[in-house]
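Enquirer: One structure coming up, written as structure tokens, with questions to follow.
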Amino acid sequence: MIIDDRHYDVIVIGSGAGGGTLAGALSRKGKTVLVLERGGAMALEDQNVADVDLFQKDRYHPKNERWFGPDGDPFAPQTSYARGGNTKIWGAVLERMREKDFTEVPLQEGISPAWPFDYAELVPYYEQAEQLYRVHGKAGVDPTEPGRHGDFLAKPKAVEPFLEPLRAALQRQGCQPYDIPISWSDDREDPSGDAQLFGLEAGDPDRLTLRDNAKVLRLHVNPNGREVKAVEAELEGDTWLFRADVVVLAAGAVNTPVILLRSANSHHPKGISNGSDQVGRNLMNLQLTSILQLATERNSGRYGRSLGINDYYWGDKNVSFPLGHIQTAGGVLQDVLFAESPPVLSLVSKLIPDFGIERLASRSVAWWAMTEVMPDPHNKIWLHNDQIRINYIHNNREAHDRLVYRWIDTLKGVEKDPITKVVLKAPTHARGEAPLSVVGYGCGSCRMGDDPANSVVDAHGKSHELENLYLADASIFPSCPSVGPGLTVIALALRLAEKLD
Ligand SMILES: Cc1cc2nc3c(=O)[nH]c(=O)nc-3n(C[C@H](O)[C@H](O)[C@H](O)COP(=O)(O)OP(=O)(O)OC[C@H]3O[C@@H](n4cnc5c(N)ncnc54)[C@H](O)[C@@H]3O)c2cc1C
């Protein structure tokens, strides 16, 4: 065992949306920060230059990482262990949660719980987050847009030419498509923003120390169990101990509870900060279905996510509960379906024999339908012989199915429209539901709340049980909005940085 000589103000575990942002912000405020990141620098060709081949088989499934699903079978999770975490492969769509998302909302199958604070509390940090991550967007078009002070600082990027007539066609169907807010760096080699660039590299290099390929195993506490005294990590085959006044876990919705559970000791027999037995529970994995539409012309296949539609976010005609969010996927669409649901695509190619799989894939427009799920204590991450197990059953499924069918109806309307020339009338719309291995949108597994009896951390992410332990990642979400969690994770990290200052 090697014990590091240095003592830091703060150790941050994980350098993704939460950890990378927090570490950069704390160092700018004058704190000495050590970031322990289990991955290394991701090669440029592996990054999501334009959301291209994001779902290509095994490309973003870390080697040798196997988790076990509800049936006990192993699976390879789609997750990025690298500087910047999942932001290295994300779509970079950075949306604010809606005001109502912070309140108790009745869903078709139950209740989406309230957060311990309201939207207004997060507004200043959403503003900072949008500036830091250079979010490009246009206010005032999305009907569900939450209140904001002024427009985005940067205008939306131009969409692919064929998407403009599609936007107009959707408007003729009564939809209100908007340019989805995207983090954009303007670096031609690596245009989409991420937490390496806008988090770590925006920090003060004299105060921020990054140790990558440092996999944190567990936390050690002082004799009365009230403080974290050391962080144990594996580095190049050696075991190290690192020390700081404050320790922040930001290893993501699966690995943060795993580290807490693995750190069990006599004061915390069920895992650190787990007196409530909520560590690892209430995992929420956004319901994601990709839907394929046929295009008349070949498209470039190298473009990012572009249009969003929230017309069904809170319901629909005769539907008084939320259905969710729709957005265009990026280019090279065959990978989305080839990798995750090849049987669906083969089925379509049988139904349309003249339209071979390759042509189908390169002449397509893919859409994502996204619907929230509710926290359920049975949906949990747990350890068995130190292996990661995930029990998970989606809930709120009917609302998601309604969204998918509603969207397919809208697409059919677009295809029937005689003015629309960019898409083909198709007998069927292939679709594929993201399986459990697509865990990148997961949240909620160490939820925040005011009551220590049923939450793990308070409204700032501070452990209810340890004086110097904080969580700063998607694990602390009490509910799971239908828009991506990224911007909210970043805003929460900036809010925590202010508290720790
Ligand atoms: C393909 C894909 C596309 C996505 N697109 C979007 C999008 O467009 N918009 C959006 O809002 N969200 C998107 N998301 C979700 C978004 O990326 C996550 O919500 C966000 O990154 C969560 O931030 P985090 O800090 O909780 O975790 P992460 O960003 O996952 O960071 C966790 C970090 O901890 C590190 N780590 C894990 N275990 C350890 C350990 N034991 N020791 C040390 N380090 C450790 C990891 O390597 C990683 O760097 C996408 C996700 C994926 C996978």
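Nothing in this text is a laboratory measurement; each read-out follows from the coordinates by a stated rule. Note that the coordinates shown come from a computational prediction; the quantities given were computed from them, not determined experimentally. Glycine also receives a Cβ, built like all others from the backbone with ideal geometry; neighbour counts cover every protein chain displayed.
Enquirer: If you line up the long axis of helix 342-351 against the longest principal axis of the chain, both from Cα atoms, how many degrees apart are they, to the nearest 10?
Expert: So the inclination is approximately 0 degrees.
Enquirer: Still on this model: Spin-label point model (7 Å from Cα, Cβ direction): what's the residue 277 to residue 139 distance in nm?
Expert: Each label point is offset 7 Å from its Cα along the Cβ direction, giving 4.7 nm.
Enquirer: Continuing with this model, one more query. Charges only on Cβ, +1 for Lys and Arg, -1 for Asp and Glu: so what's the dipole of the chain about the Cα centre, in debye to the nearest 20? If you can, show how the numbers build up before the last one.
Expert: Working: 53 positive and 67 negative charges, 157 e Å.
It comes to approximately 760 debye.
Enquirer: Based on the Cα gyration tensor of the chain, what are the three equivalent ellipsoid semi-axes, each the root of five times an eigenvalue, rounded to whole Å and given largest first?
Expert: Working: eigenvalues 288, 103, 101 Å².
Equivalent ellipsoid of the chain: 38, 23, 22 Å, largest first.
Enquirer: Among 254, 420, 94, which residue has its Cα furthest toward the positive end of the charge dipole of the chain, with +1 on Lys/Arg Cβ and -1 on Asp/Glu Cβ?
Expert: The Cα lying farthest towards the positive end belongs to 420.
Enquirer: Sticking with this one: How far is helix 163-172 tilted off the main Cα axis of the chain, in degrees rounded to 10, range 0 to 90?
Expert: On a 0 to 90 degree scale, this one is about 70.
Enquirer: Given the -39500 (n - 2.57) contribution per DSSP H run of 4+ residues, what per-residue ellipticity at 222 nm results for the chain, rounded to the nearest 500 deg cm²/dmol? It would help to have the intermediate numbers written out before the result.
Expert: Values: 9 runs with 105 residues, N = 501.
Calculated from helices alone, the mean residue ellipticity at 222 nm is -6500 deg cm²/dmol.
Enquirer: When DSSP assigns beta bridges and you keep just the ones with both residues in the chain, what percent turn out antiparallel, to the nearest 5?
Expert: Of those bridges, close to 70 percent are antiparallel.
Enquirer: Compute the Rg to Rh ratio over the range 72-138 from the alpha carbon atoms, using the Kirkwood formula for Rh, and round to two decimal places. Working shown, then result.
Expert: Details: Rg = 16.4 Å, Rh = 15.2 Å.
A ratio of 1.08.
Enquirer: Further, regarding this structure: Just to confirm a number: summing +1 for Lys and Arg and -1 for Asp and Glu over residues other than residue 382 whose beta-carbon lies under 13 angstrom from that of residue 382, what do you get? Provide the component values of the computation, followed by the final result.
Expert: Values: positive: 262, 270, 281, 380, 389; negative: 277, 386.
With Lys, Arg at +1 and Asp, Glu at -1, the net is +3.
Enquirer: Taking loop as defined by DSSP and a crowding limit of 15 other beta carbons within 10 Å, which trypsin sites (Lys or Arg not before Pro) in the range 163-204 fit? Before the final figure, lay out each step's value.
Expert: Numbers: sites: 167, 172, 188; in loops: 188.
Passing both the DSSP loop test and the Cβ count: 188.
Enquirer: May I ask which residue of 393, 7, 461 lies farthest towards the positive end of the charge dipole of the chain, with charges of +1 (Lys, Arg) and -1 (Asp, Glu) on Cβ and the Cα centre as origin?
Expert: 393
Enquirer: For an R0 of 35 angstrom, estimate the FRET efficiency from the Cβ-Cβ distance between residue 226 and residue 28 and round to the nearest 0.05.
Expert: Efficiency, from the Cβ-Cβ distance: 0.75.
Enquirer: Please compute the length gained on full extension between residue 172 and residue 319, using 0.36 nm multiplied by the number of residues separating them and subtracting their Cα-Cα distance. Walk me through the intermediate numbers first.
Expert: Working: separation 147, 0.36 × 147 = 52.92 nm, distance 2.16 nm.
Once the chain is fully extended between residue 172 and residue 319, it gains 50.8 nm.
Enquirer: HN-Hα J couplings of the range 222-230 from phi, Karplus 6.51/-1.76/1.60, θ = phi - 60°, integer Hz, Gly and Pro as x?
Expert: 7, x, 8, x, 9, 9, 7, 9, 7
Enquirer: So who's got an amide H within less than 5 Å of the one on residue 105, skipping anything under 5 residues away but keeping other chains? H placed 1.01 Å off N, in plane.
Expert: Those lying under 5 Å, H to H, from residue 105 are 112.
Enquirer: Percent relative contact order of the range 2-500, based on C-alpha pairs within less than 8 angstrom and at least six residues apart?
Expert: 24
Enquirer: Only sites in a loop by DSSP and with at most 15 other Cβ atoms within 10 Å count here; which trypsin sites (Lys or Arg not before Pro) in the range 244-298 make the cut? Show your work: numbers first, answer last.
Expert: Working: sites: 262, 270, 281, 298; in loops: 270, 281, 298.
Hits after loop and neighbour filter: 270, 298.
Enquirer: Let me ask you something else. For the chain, the longest stretch holding no GluC sites (Glu not before Pro) located in a DSSP loop with at most 14 other Cβ atoms within 10 Å is which? Spell out each step's value before the answer.
Expert: On the way: sites that count: 65, 104, 109, 189, 236, 297, 467.
Counting at most 14 other Cβ atoms within 10 Å as exposed, the longest clean stretch of the chain is 298-466.
Enquirer: Right, next: Working from Cα positions, state the angle (0 to 90°, nearest 10) between the long axis of helix 486-500 and the longest principal axis of the chain.
Expert: Value to nearest ten degrees: 30.
Enquirer: How much length would be gained if the chain were fully extended between residue 405 and residue 189, taking 0.36 nm per residue of separation minus their Cα-Cα distance, in nm to one decimal? Don't skip to the answer; put the middle values down first.
Expert: Numbers: separation 216, 0.36 × 216 = 77.76 nm, distance 3.81 nm.
This chain segment gains 73.9 nm when fully extended.
Enquirer: Please provide three numbers in whole Å: the alpha-carbon extents of the range 132-198 along the principal axes, with the largest listed first.
Expert: Its Cα atoms span 40, 30, 15 Å along the three principal axes.
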